[in-house]
Amino acid sequence: MWIFQSNIGEARFGNELAEVNIELEAQIREHNLIEQFNTQVEQCIASKSNFGGEELILYTQQLVVLQKMYIELRTISAKRLHDLEVLQDFLQSATNELMWLQEKEEAEIKRDWSDKNLDLASIETYYEVSVAGLTLEMEIAIKLITYKHTYGTTMHQVDFSY
C-alpha cells in the first residue's frame, strides 16, 4: 500500500522558480490523490461492523495504525504544498523585482550620453517628472527586496524536513 511507502518528507523543493513550479504541480497532484484516499479509509472504518470478537480487535488495531499514518501523510502533504506555494511566491516576487531593477538600469545604460543631438530638455523634464516617482518606486522596491531577503533568510532557517 502506497501510504506506507510515501517519501514526501524526502522530496526536493527546487533551486529555481521553474523547478519549484514543477515540484508544486507534482505535489498538487500527489496531495489530491492523498485526499481521494480518504474515501478508502472511510470505507475501512465502515467495514469495522463486519467483524466481531478477536477479528474485530485485530482489525481495529490495524485501522488505528492506518488512520494515524493517513493523517500524518495528509498533514505532511498539506505542509509541503503550503511550503512550495510560499517558496514559489517568494521566488516569483524576487524574480519580478530583479526584472524591474534590470528594466530601470537598461533605460539608463541605453541612453547615449555622448550623442551631440541628445535632447537635454526632454531628459531634464523626464528627470523632473520621473525622479520623484522613480525615487519613490525605488524606495518601495528596496523595502520589498529587504523584506523578501529577510523572508528568504527566515525560510532558509526553517526546517523543511518532515
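Every number in this text was worked out from the coordinates using simple rules, so none of it is lab data. Please read these numbers as outputs of a predicted model, since none were measured by experiment. For neighbour counting, all protein chains shown are included, and Cβ atoms are generated from backbone atoms with ideal geometry for every residue, glycine included.
So if I average 1/r over every pair of distinct C-alpha atoms in the stretch 1-83 and take the inverse, what Kirkwood radius in Å does that give?
On the way: mean 1/r = 0.0698 Å⁻¹.
In the stretch 1-83 this quantity evaluates to 14.3 Å.
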(request) Subtract the Cα-Cα distance of residue 118 and residue 65 from 0.36 nm times their separation in residues, and report this length gain in nm to one decimal. (result) 11.4 nm
(message) With θ taken as phi - 60° and the coefficients 6.51, -1.76 and 1.60, list the Karplus ³J(HN,Hα) couplings across the stretch 115-121 in order, rounded to whole Hz; mark glycine and proline as x.
(response) 5, 5, 9, 4, 7, 5, 5
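What does the charge add up to near residue 109, with Lys and Arg as +1, Asp and Glu as -1, over the other residues with Cβ less than 15 Å from its Cβ?
Working: positive: 104, 110, 111; negative: 103, 105, 106, 108, 112, 115.
Net local charge, residue 109 excluded: -3.
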(request) Step through the residues of the stretch 55-66 one at a time and calculate ³J(HN,Hα) from phi using the Karplus curve (6.51 cos²θ - 1.76 cosθ + 1.60, θ = phi - 60°), rounding each to whole Hz and writing x for Gly and Pro. (result) 4, 5, 5, 5, 4, 4, 4, 5, 5, 4, 4, 4
(message) Around residue 85, under 13 Å between beta carbons, what's the net of Lys plus Arg minus Asp minus Glu among the other residues?
(response) -2
(message) Between residue 72 and residue 13, how high is the FRET efficiency from 1/(1 + (r/R0)^6) when r is the Cβ-Cβ distance and R₀ = 22 Å? Nearest 0.05.
(response) 0.65
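Dividing the alpha-carbon radius of gyration of the stretch 2-157 by 2.2 N^0.38 Å (N being the number of residues), what value is obtained?
On the way: Rg = 27.5 Å, N = 156, 2.2 N^0.38 = 15.0 Å.
Its radius of gyration relative to the 2.2 N^0.38 Å reference: 1.83.
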